[in-house]
1. Restricting to Cα pairs below 8 Å that are 6+ residues apart, what does the relative contact order work out to for the stretch 1-82? Please round to a whole percent.
2. In the stretch 1-41, whose amide N lies under 14 Å from the spot 7 Å out along Cα-to-Cβ of Ile106? List them in ranges.
3. For a footprinting-style exposure proxy, rank Lys44, Lys54 by other Cβ within 10 Å, fewest first.
4. What is the distance, in nm, between label points placed 7 Å from the Cα along the Cα-to-Cβ direction at Glu39 and at Arg6?
5. Tell me, what are the semi-axes, in whole angstrom and largest first, of the equivalent ellipsoid of the stretch 22-103 as set by the roots of 5 times the Cα gyration tensor eigenvalues?
Amino acid sequence: MSQTRRLAAIFAADVAGYSRLMGADEEGTLERLKALRCELVDPKIAEHHGRIVKTTGDGMLVEFPSVIDAVRCTVEVEQAMPERNIGVAPDSRIELRIGINLGDVIVEGDDLYGGGVNIAARGAGGVAAAGSSGTARKVWPDLKFADSLIVCGRPCAAGLQRTDLVPRASHDL
């Protein structure tokens, strides 16, 4: 199979505490995760022009044509999560961790590989806290031009920043 390289905005997500959630209530956790994807995550990805590359149990890898599209998708998903968890016991809540990177990737068929993917995955699995996102530092210059976002963050390991992404009020534009 032939492989090529290209620049891509990568969004990697997983569920914080997934093994614990599955151990406590496997069927209920799976049903809540499937509903979350069907009702919120997948539609937001499509709305922001993303392509789901693969899913792995609690995780997913998504490619966006623009880092701003990836961040806007992340913001909208993160903002909708508290409402979805109303009435759910804290130890049963599904909370996503999302990593975003803009980097060179190897394309082989429909799959993506390489450092660009690995950095986004580290943001999801190792840097981002439950319910938050880790954004590669090199993404930040592109975000300063995003007219609908205010981005606040602090430095973290692996060249990533833990972020709190908030839509800008219309009067601040």
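Read-outs: derived from the displayed coordinates by stated rules, not from any lab. What you see is a predicted model, and the numbers here were worked out from it, not measured in a lab. So basically every Cβ, Gly included, is an ideal-geometry build from the backbone, and we count neighbours across all protein chains shown.
1. 39
2. 1-6
3. Lys54, Lys44
4. Distance between the two pseudo-spin positions: 3.4 nm.
5. In descending order the semi-axes read 24, 14, 11 Å.
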